[in-house]
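J.: Submitted below is the structure of interest, expressed as structure tokens.
The values are calculated or read from the model by the stated rules, or taken from the named source; none is laboratory data. Being a predicted model, the structure only gives us computed values, none of them experimental. Glycine gets a Cβ as well: all are built from the backbone with ideal geometry, and neighbour counts include every protein chain shown.
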Amino acid sequence: MIDRRSVLAGAVSFAALQPRRGFAAAMRSAEPSPSNAYDLIIVGAGTAGLPAALFTSRRGGRVLVLDSAPVIGGTLHFSTGQMSAAGTRLQQSLGIKDSADAHFDDVMRISEGSANPEIVRLAVDQAGPTVDWLMSIGLEPMAGHPVMGLGHEFYSERRYYWGKDGGRSILAVLTQQLETERKQGRIELLLDSPVTALLTSDSGALEGVRATHDGAEHSYKGRKVLLASGGYSSNPLLWEKLDGYKQHIDAAYPFSQGAGLQLAQSVGGYLRGRSMYLTSFGAVPTDESSPAGIAASFETWPDRRAPWEIYVNVRGERFVREDEPSVNEREHALLPQPDQRYWIVFDEPMLAKAPPGIKDWTRDKIRNAAAKQAVFYSAATLGELARRAGIDARGLEYTVSRYNDDLVNGHDAWGREHLPAQITTAPFYAIRMQGFAITSNVGIAVDARLRVLDVHGNPITGLYAVGEALGHSQTSGKAYVGGMSVTPALSLGRLLGQTLPLGVSTRT
């Protein structure tokens with residue numbers, strides 16, 4: 001089971017995790033003094049905010065970083081840290097010929113053209129130099145990397161990387177860099193400091209933020225503000241409002257509450273990506289509540305384990321070819337199923353003979369779990385199994401009968417090729433699987449310079465957004481494209497740190 005709280009080591013006040021309400025349209029303040037205004041205020045000390053702070057500081061900029069959490073790192077604490085980048089020095093050393101153009105083409109192919117080409121182009125152009133930089137400061141990819149893919153549609157070339165500790169491998173090297181800059185007095189960091197409003201002048205110009213720190217509200221003046229506060233993956237109410245689907249699994253960073261999106265809207269920004277929701281192909285939930293945690297993963301990749309079982313929805317119907325090689329096809333097949341839920345159905349001979357479906361689980365562990373009749377189920381008949389699991393009994397009985405007949409005829413109605421055995425012998429089993437997403441698809445609309453746009457398509461002067469606050473759909477579309485969440489956040493945060501104009505009081 002994923003323990004969402006352990007990473008914060010007891011430092012989190014979980015009352016503070018509740019969605020914040022009542023964002024003001026914009027708080028007013030006096031004109032900032034050029035002598036005490038920050039060059040850049042960054043909301044969020046995570047995947048995008050940290051490189052933005054580092055590179056702004058290295059250019060002499062005065063930076064303030066605020067985060068509502070008690071620790072830096074954001075979703076890097078939970079992320080697998082999978083990156084994709086083309087034209088890297090590591091690829092070149094291995095004789096791999098790759099380019100940002102090829103990376104771009106793959107992203108648009110896998111997303112079927114649904115990703116934002118403007119943002120994708122910007123991200124892939126910066127990805128190679130960003131991964132090179134991370135490796136130059138100590139990030140070590142896993143042995144044998146880069147690879148073609150894992151858990152997503154494959155790339156056309158080996159450009160997929162991650163470290164042995166996932167996102168924490170990235171966080172470790174970023175933390176070292178941050179401490180170096182802070183010792184030089186170039187970056188101020190305030191944790192446990194949720195930003196509650198953006199400050200504007202009487203003319204409407206952005207001039208800073210208001211945040212809560214040490215139990216009191218404070219105003220911080222800045223020439224530019226960067227919203228790098230992540231998404232809303234731990235805010236079930238906002239999730240359902242923006243995506244239109246109930247959140248059934250919550251395994252995300254607890255501070256992903258959508259604050260940055262609300263801040264952008266408070267000064268006229270708008271959100272996009274509402275039609276881009278996609279579920280993963282699911283995992284075994286901890287229980288039957290919503291949202292639940294993740295108890296285990298069942299191996300549904302046919303190239304790693306050919307399926308013996310069948311997959312049925314709540315009506316007892318099969319909805320996809322179980323050995324469909326494309327994870328994208330399987331995910332899109334699951335999306336329209338009621339509650340993005342399905343059950344893996346099999347019998348005792350399958351349990352006894354098939355390769356284990358859950359890593360490190362014995363057959364007896366599955367039998368014992370099924371005896372509790374919650375998430376895992378067993379019964380002497382298919383009808384009773386269906387009633388216990390919450391599946392339509394007639395639908396399941398018909399589906400299994402049709403499947404068994406197809407095996408006799410040697411031709412499956414869904415085109416399935418791996419047909420090892422009929423489902424005939426009690427006890428019968430079902431494992432409840434729940435589709436889910438842990439990335440926020442809806443995000444803040446920005447232009448090619450990452451400036452936040454208002455509802456008329458005009459940039460809001462001084463306000464920028466990057467990372468998951470843009471919405472995962474902008475870099476992956478209605479698909480899961482390997483490495484196109486973490487890498488764009490790192491790369492575009494780094495790009496802004498390198499290029500944002502600094503104020504006249506910039507130090508050298």
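J.: Looking only at segment 299-309, which residues are buried (at least 20 other Cβ atoms within 10 Å of the Cβ) and not hydroxyl-bearing (Ser, Thr, Tyr)?
T.: Selection gives 307, 308, 309.
J.: For segment 375-415, give me the residue count where each residue is exposed (fewer than 14 other Cβ atoms within 10 Å of the Cβ) and aliphatic (A, V, I, L, M).
T.: 3
J.: If you don't mind, another one. Any residue that is buried (at least 16 other Cβ atoms within 10 Å of the Cβ), in contact (Cβ under 8 Å) with a residue 12 or more places away in the chain and assigned to a loop (DSSP other than H, G, I, E, B) - is there at least one of those in segment 323-334?
T.: Yes - at least one qualifying residue is present in segment 323-334.
J.: If I go through segment 232-249 residue by residue, how many of them are in a loop (DSSP other than H, G, I, E, B) and surrounded by fewer than 20 Cβ atoms within 10 Å (Cβ to Cβ)?
T.: 3
J.: Do any strands (runs of 3 or more DSSP E) lying entirely in segment 425-508 carry at least 1 residues that are modelled with pLDDT under 95 and farther than 24 Å from residue 146 by Cβ, and which ones are they?
T.: By residue number, 459-465.
J.: Being out of contact with any Gly (no Cβ under 9 Å at 6 or more places or on another chain) and modelled with pLDDT under 95 is the requirement here; does residue 266 meet it? Working first, answer last.
T.: Numbers: out of contact with any Gly (no Cβ under 9 Å at 6 or more places or on another chain): yes; modelled with pLDDT under 95: no.
Considered against the rule, which asks whether it is out of contact with any Gly (no Cβ under 9 Å at 6 or more places or on another chain) and modelled with pLDDT under 95, residue 266 comes out as no.
J.: Yes or no: segment 193-210 includes at least one residue that is at pLDDT below 95 and among the aliphatic types (A, V, I, L, M).
T.: So in segment 193-210, the residues at pLDDT below 95 come out as 200-207.
Then drop every residue that is not among the aliphatic types (A, V, I, L, M), which leaves 205-206.
Yes, some residue in segment 193-210 is at pLDDT below 95 and among the aliphatic types (A, V, I, L, M).
J.: Across segment 282-317, which residue is farthest from residue 428 (Cα to Cα) among those that are aromatic (Phe, Trp, Tyr) and part of a loop (DSSP other than H, G, I, E, B)?
T.: The extreme case among them is 301.
J.: While we're looking at this one, here's another question. Can you find a residue that is over 23 Å from residue 103 (Cβ atoms), in the same structural domain as residue 234 (by TED's automatic domain parsing), in contact with a strand residue (DSSP E or B) (Cβ under 7 Å, 6 or more places away or on another chain) and of a type outside the set (Ser, Thr, Tyr) anywhere in segment 461-469?
T.: Within segment 461-469 (the criterion being over 23 Å from residue 103 (Cβ atoms), in the same structural domain as residue 234 (by TED's automatic domain parsing), in contact with a strand residue (DSSP E or B) (Cβ under 7 Å, 6 or more places away or on another chain) and of a type outside the set (Ser, Thr, Tyr)), the answer is yes, since at least one residue qualifies.
J.: Also: Taking residue 150 as the residue in question, decide whether it is among the aliphatic types (A, V, I, L, M) and more than 20 Å from the chain's Cα centre (by Cα). Before you say what the answer is, go through the steps one by one.
T.: Numbers: among the aliphatic types (A, V, I, L, M): yes; more than 20 Å from the chain's Cα centre (by Cα): no.
Spelling it out, it is not the case that residue 150 is among the aliphatic types (A, V, I, L, M) and more than 20 Å from the chain's Cα centre (by Cα).
J.: Moving on. Which members of segment 250-281 meet the condition of being assigned to a loop (DSSP other than H, G, I, E, B) and of a type in the set (A, V, I, L, M)?
T.: Once the filter is applied, which keeps residues that are assigned to a loop (DSSP other than H, G, I, E, B) and of a type in the set (A, V, I, L, M), segment 250-281 yields 251, 252, 267, 276, 278.
J.: Something else now. Filter segment 109-138 for residues that are under 23 Å from residue 478 (Cβ atoms) and outside any helix (DSSP H, G or I) and give the result.
T.: Residues satisfying the conditions are 111, 112, 113, 114, 115, 116.
J.: Given the residues 144, 60, which is the only one that is touching a Leu at 6+ places or on another chain (Cβ under 9 Å), assigned by TED's automatic domain parsing to the domain that holds residue 168 and either among the acidic types (Asp, Glu) or more than 24 Å from residue 446 (Cβ to Cβ) (or both)?
T.: Only one candidate passes the filter, namely 60.
J.: Which condition does residue 320 not pass, out of (1) assigned to a loop (DSSP other than H, G, I, E, B); (2) touching a residue at least 60 places away in the same chain (Cβ under 8 Å); (3) more than 25 Å from the chain's Cα centre (by Cα), if it passes all the others?
T.: Only one criterion in (1) assigned to a loop (DSSP other than H, G, I, E, B); (2) touching a residue at least 60 places away in the same chain (Cβ under 8 Å); (3) more than 25 Å from the chain's Cα centre (by Cα) is unmet by residue 320, namely (3).
J.: Name the residue, out of 297, 378, that is closer than 26 Å to residue 233 by Cα, of a type in the set (Ser, Thr, Tyr) and in the same structural domain as residue 426 (by TED's automatic domain parsing). First the steps, then the outcome.
T.: Details: 378 fails: closer than 26 Å to residue 233 by Cα.
After applying the criteria, what remains is 297.
J.: Yes or no: segment 243-265 includes at least one residue that is charged (D, E, K, R) and farther than 26 Å from residue 153 by Cα.
T.: no
J.: Here is a follow-up. Would you tally the residues in segment 336-382 being on the phi > 0 side of the Ramachandran plot and without any contact (Cβ under 8 Å) to a residue 60 or more places away in the chain?
T.: Of the residues in segment 336-382, 2 are on the phi > 0 side of the Ramachandran plot and without any contact (Cβ under 8 Å) to a residue 60 or more places away in the chain.
J.: Run down 89, 186, 182 and say which single residue is farther than 22 Å from residue 468 by Cβ, exposed (fewer than 15 other Cβ atoms within 10 Å of the Cβ) and touching a helix residue (DSSP H, G or I) at 6+ places or on another chain (Cβ under 9 Å).
T.: Values: 186 fails: exposed (fewer than 15 other Cβ atoms within 10 Å of the Cβ); 182 fails: exposed (fewer than 15 other Cβ atoms within 10 Å of the Cβ).
Checking each option against the conditions leaves just 89.
J.: Something else about it: Just a yes or no: is a residue in segment 493-500 farther than 29 Å from residue 283 by Cβ, surrounded by fewer than 16 Cβ atoms within 10 Å (Cβ to Cβ) and free of Cβ contacts under 8 Å to residues at least 12 places away in the same chain?
T.: Taking every residue of segment 493-500 in turn, at least one turns out to be farther than 29 Å from residue 283 by Cβ, surrounded by fewer than 16 Cβ atoms within 10 Å (Cβ to Cβ) and free of Cβ contacts under 8 Å to residues at least 12 places away in the same chain.
J.: Of the residues that make up segment 153-161, is at least one buried (at least 16 other Cβ atoms within 10 Å of the Cβ), in contact (Cβ under 8 Å) with a residue 60 or more places away in the chain and part of a strand (DSSP E or B)?
T.: Within segment 153-161 (the criterion being buried (at least 16 other Cβ atoms within 10 Å of the Cβ), in contact (Cβ under 8 Å) with a residue 60 or more places away in the chain and part of a strand (DSSP E or B)), the answer is yes, since at least one residue qualifies.
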